Structures are given as C-alpha cells and as structure tokens.
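A.B. asks: Provided herewith is a single structure, encoded as structure tokens, for subsequent inquiry.
The values are calculated or read from the model by the stated rules, or taken from the named source; none is laboratory data. Not measured: the values here are computed from a predicted model. Cβ sites come from the backbone with ideal geometry, for glycine too, and all protein chains shown count toward neighbours. With ligands, DNA and RNA removed, areas are computed over all heavy atoms of the protein, side chains included. Shrake-Rupley method; radii C 1.70, N 1.55, O 1.52, S 1.80 Å.
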Amino acid sequence: MSRLPAPARQALTDALVAADQARRNGDFATRWANLEDAHVLSQPAAFAHVRVHLLMLRAAWALRDGRELRGQLLRLALTPIGHLSGRLPLGSTGASNVSPFEPMALPPELERLLRDEER
C-alpha cells in the first residue's frame, strides 16, 4: 500500500509510544485512545496497520475482553484482504464497537497529517 507522509509517520510513532507508556501506567483508557489514533494513521500502510491491530489484540487480551479479542482477530484476518482489494474503511478507529466495513469521518487533526502533500 502507500507510504505514509512524514508527519503521519511521526504522529503514528508518537501515538504508539504514548499507548505503551499508558500500558506501563495501567491507564487502559489512554492506551486505547492512542491505539485508535494509531489505527487511523496506520491505515494507508499495510504492515503498520496489521501491527496496530496486533497491539489492539494485545490490549484486549490484557483486559480479558472477549468481545474485543474476537473483533481484533476478525480485523487481523480482514486487513490484508482490505489492502489487497483497496477496500478499507478509512477513518475507522479499528475497535470492535465499530463496523469493520464502514468508513468513519477522519478527525481533522489526523486528516491533516494524512494529506498527500509530500508525495
């Protein structure tokens, strides 16, 4: 899939670092919010996208959240297909409480980072 613009790559890295710090602090809500932002930012890049779903699966496992575990396993199976077919629900937070097939509005700050200005 396409390469992320440098600002989006940096924001993705920052979100993943913040999610890991929140994990170490035992702050699940902050961890999850950062993983959702990371998901939106990672969608244009297949490997990063899969990586974020793996981290979301790990977070669901830590909480023993069966619904989220099943949702992340489904998304891990669908993500490569979505990238190969070019049919990804852009803007999706990647969580199991949203459809894996419906796009969502991009938060303005993330949309700005994902703009294709550098390419």
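A.B. asks: If you go through the stretch 70-87 one residue at a time, do you hit one that is within 9 Å of the chain's Cα centre (by Cα) and within 21 Å of LEU110 (Cβ to Cβ)?
C.D. replies: First, pick out the residues of the stretch 70-87 that are within 9 Å of the chain's Cα centre (by Cα): none.
No, because not a single residue in the stretch 70-87 is within 9 Å of the chain's Cα centre (by Cα) and within 21 Å of LEU110 (Cβ to Cβ).
A.B. asks: Out of the residues in the stretch 24-43 meeting the condition of being outside any helix (DSSP H, G or I) and without any contact (Cβ under 8 Å) to a residue 24 or more places away in the chain, tell me which one is surrounded by the most Cβ atoms within 10 Å (Cβ to Cβ). Talk me through it step by step, then tell me what you get.
C.D. replies: Looking only at the stretch 24-43, we keep the residues that are outside any helix (DSSP H, G or I), and these are 26-27, 43.
Imposing the further condition that a residue be without any contact (Cβ under 8 Å) to a residue 24 or more places away in the chain reduces the set to 26-27.
Values: GLY26: 9, ASP27: 14.
Across the stretch 24-43, the extreme among qualifying residues is ASP27.
A.B. asks: Which one is farthest from GLY86 (Cα to Cα), of the residues in the stretch 10-23 that are within 13 Å of the chain's Cα centre (by Cα) and surrounded by 17 or more Cβ atoms within 10 Å (Cβ to Cβ)?
C.D. replies: Per the criteria, the residue is ALA19.
A.B. asks: Here's another thing I want to ask about it. Any idea how many residues of the stretch 46-92 are at pLDDT 95 or above and in a loop (DSSP other than H, G, I, E, B)?
C.D. replies: Looking only at that region, the number is 2.
A.B. asks: Then there is this: Name the single residue, out of those in the stretch 74-119 being open to solvent by 60 Å² or more (accessible area, probe 1.4 Å) and basic (Lys, Arg), that is farthest from VAL40 (Cα to Cα).
C.D. replies: Here the answer is ARG119.
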